[in-house]
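Here's the structure we're looking at; comments come further down.
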Amino acid sequence: MERRKFIRNSFIISGGILAAPTILAQSSLKRSTKKVTILHTNDTHSNIEPFPDNHSKHPGQGGVSRRFELINQIRATEENVLLLDAGDIFQGTPYFNRYGGVLEMKLMSILGYDAATMGNHDFDGGMEGFVTAKQFGDFPFLCSNYDFTNTPIDGHTQKSTIITKGGIKIGVFGIGVELKGLVPGRLYGESKWLDPIEIATDRAAELKAQGCDIVICLSHLGYEYSSTKVSDRLLAQKTRNIHFIIGGHTHTFLNEPTQERNLDGELVLINQVGWAGINLGRIDVEIDAKPRSTHSVIEVR
C-alpha cells in the first residue's frame with residue numbers, strides 16, 4: 001500500500017440528520033453509539049494493476065489486490081462495513097478491451113461490493129455488453145434517473161436498495177450524467193435521461209419514508225461545473241433527505257469532503273476520490289443522541 005492515500009472522514013448523526021461538525025476525541029464515544037463504515041471508489045476505469053513505479057504522476061499507486069488488502073484490514077477492525085462504487089468501472093486499460101468488463105465484475109464481487117451505479121463509460125461495450133458483464137457481478141447496479149424501458153438493460157438495474165448494518169438502515173440510490181454528447185447514441189439506444197434533481201428528491205423521500213437512518217446517493221454527475229449543468233454540489237443544494245453524495249465522473253481528488261446545505265438547511269457531505277483506484281474513500285457514521293463529527297486524511301504506507 002506504499003504511497004497510497006486513504007481518505008477517512010467520521011460523522012455522527014442523530015435521527016438520520018447530519019449534524020454540524022465539531023471535534024471529537026475517539027475515546028469520548030459512548031458505547032451505545034451505532035456505527036457503520038462506508039468505503040467507496042469511483043472511476044476505477046479498468047485499472048486492475050498498480051501504476052508502474054516510474055509513472056510520472058502516480059508511481060506505484062492503485063491496484064485491485066492492494067485495495068482488497070486494505071478493505072480486508074478495515075473489515076477486520078470494523079463490524080459494519082459497506083462498500084460502494086460511483087461508476088465508470090469500465091474502459092481505460094487493455095483489460096476492458098480484452099474481457100469486456102467481465103474481469104472487473106468478477107473482481108468487484110470478490111472484493112464484496114454492496115452496490116454501484118453506472119457511469120457513462122459503463123456503456124462503452126454497448127447495452128448488451130454491459131448485461132453480459134453484469135451477470136458476473138453479485139451486487140446491484142442502482143440507476144434512478146435512467147429509464148431503460150425497451151432496451152437490453154431493462155430489468156438489469158434497480159432504482160435503489162436498502163441495506164441494514166448493525167441495526168442501521170441505509171438507503172442507497174444512483175444518479176447518472178446525461179448520456180447525450182458523452183456516449184454515441186447507438187450505445188444507449190432508447191434509454192431516457194430523467195431530471196436528476198427531481199428524481200433524487202423523490203427517491204430520497206421514498207427511502208426516508210421506508211425508515212432509513214441514512215440516505216446515500218451514488219452520483220455520476222460530476223463534482224461541480226462553471227455552467228448550470230447539474231453537479232453533486234448543486235444536487236445537494238436543491239434536494240432534501242440525502243445525507244451523503246458519493247460522486248464520480250470528474251475525477252476530483254478531494255483532500256476532505258465538501259459540505260453543502262440542502263433545502264432544509266441540513267448538511268450534506270460530498271466526497272469523491274479521484275480515479276483509477278488510487279484512493280479509497282472512508283466515511284465512519286455514528287448515530288448518537290449528540291451529533292458530532294471529525295475529519296482526517298491518513299496516508300497508508
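The table below lists the values:
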read-out	value
Point-to-point label distance, Gln73-Leu194, nm (Cα→Cβ direction, 7 Å offset)	4.2
For the range 26-127: relative contact order, % (alpha-carbon pairs under 8 angstrom, 6 or more apart)	31
For the range 260-274, 3J(HN,Hα) per residue [Karplus equation, 6.51 cos²θ - 1.76 cosθ + 1.60, θ = phi - 60°, Hz, x = Gly/Pro]	10, 9, 8, 4, 9, x, 8, 6, 10, 9, 10, 9, 8, 10, x
Per-peptide average of other Cβ atoms within 10 Å, ordering 222-228, 82-88 highest first	82-88, 222-228
Cα gyration tensor, the range 49-105 - rounded (a/c under 1.5), prolate or oblate	oblate
Residues Lys165, Lys192 arranged by fewest to most Cβ contacts within 10 Å	Lys192, Lys165
Global form of the chain, assessed from the alpha-carbon gyration tensor, a/c cut-off 1.5	oblate
Three-way shape call for the range 165-301 based on the alpha-carbon gyration tensor, with the a/c threshold at 1.5	oblate
Listed peptides 266-277, 51-62 by packing density, highest first (mean Cβ within 10 Å)	266-277, 51-62
Antiparallel bridges, percent of DSSP beta bridges restricted to the chain (to nearest 5)	50
Karplus 3J(HN,Hα) series, Hz, for the range 234-241 with 6.51 cos²θ - 1.76 cosθ + 1.60 (x for Gly, Pro)	5, 4, 4, 5, 9, 10, 9, 6
Debye, to nearest 20: dipole size of the range 128-278, +1 on Lys, Arg Cβ, -1 on Asp, Glu Cβ	60
Size of charge dipole - the chain - debye, nearest 20, with Cβ of Lys, Arg +1 and Asp, Glu -1, no other charges	740
Cβ-based charge dipole, the chain, positive-most Cα from Cys212, Ser231, Ala76	Ala76
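Throughout, read-outs are computed from the coordinates displayed, never taken from laboratory work. Just so you know, these numbers come straight off a predicted model, no measurement behind them. Neighbour counts are summed over all protein chains in view; Cβ atoms, including those assigned to glycine, are modelled from backbone coordinates with ideal geometry.
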